[in-house]
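Student: Mind having a look at this structure? Questions to follow.
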Amino acid sequence: MAGSATARPFSEPDDRNLDRHGHYRSRDGSEVHQPAKSLDGAKPAGATAKCRDGTWSFSHTHRGTCSRHGGVARWEG
């Protein structure tokens, strides 16, 4: 399923614990929080993957996740 474009369940992260606050439009047309690092170092709620550069992704699909952040280090939940 690594290249799947199937949407995953998601929730919007709490911006107060993240170092970035922007969003982007995903391939499926939904608005997604951009990858960000958590201020406390813990996995933020709603994170779907950890990128190789240490940011957390909130992507709804596998395709393209962490593409500008060194790729996916690991998938979450």
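Student: What whole-number value in Å² describes the accessible area per residue of the chain for a 1.4 Å probe?
Tutor: Accessible surface, normalised per residue, equals 59 Å².
Student: Taking the Cα centre of the stretch 16-76 as the origin, how large is its charge dipole in debye, to the nearest 20, when only Lys and Arg (+1) and Asp and Glu (-1) carry charge on their Cβ atoms?
Tutor: 140
Student: Sticking with the crude label model, points 7 Å out along Cα→Cβ, report the distance from D28 to E76 in nm, one decimal please.
Tutor: Spacing of the two 7 Å Cα→Cβ label points: 1.7 nm.
Student: For the charge dipole of the stretch 16-76, defined by +1 on Lys and Arg C-beta atoms and -1 on Asp and Glu C-beta atoms about the Cα centroid, which residue among A45, H21, S59 has the Cα displaced farthest towards the positive pole?
Tutor: Going by the charge dipole, the pick is S59.
Student: Sticking with this structure for a sec: For the ranges 42-49, 22-29, 53-60, what's the packing order if you count other beta-carbon atoms within 10 Å of each residue, average per peptide, and put the highest first?
Tutor: Result, highest mean first: 53-60, 42-49, 22-29.
Student: Still on this model: State the percentage of accessible surface on the chain attributable to carbon and sulfur atoms; use a 1.4 Å probe and exclude ligands, DNA and RNA.
Tutor: Percent of accessible area from carbon and sulfur atoms in the chain: 48.
The values are calculated or read from the model by the stated rules, or taken from the named source; none is laboratory data. The shown structure was predicted, so the numbers you read here are calculated from the model rather than taken from an experiment. With ideal geometry, Cβ positions are generated from the backbone for all residues, glycine too; neighbour counts draw on all protein chains shown. For accessibility, only protein heavy atoms count, side chains too; no ligands or nucleic acids. Shrake-Rupley method; radii C 1.70, N 1.55, O 1.52, S 1.80 Å.
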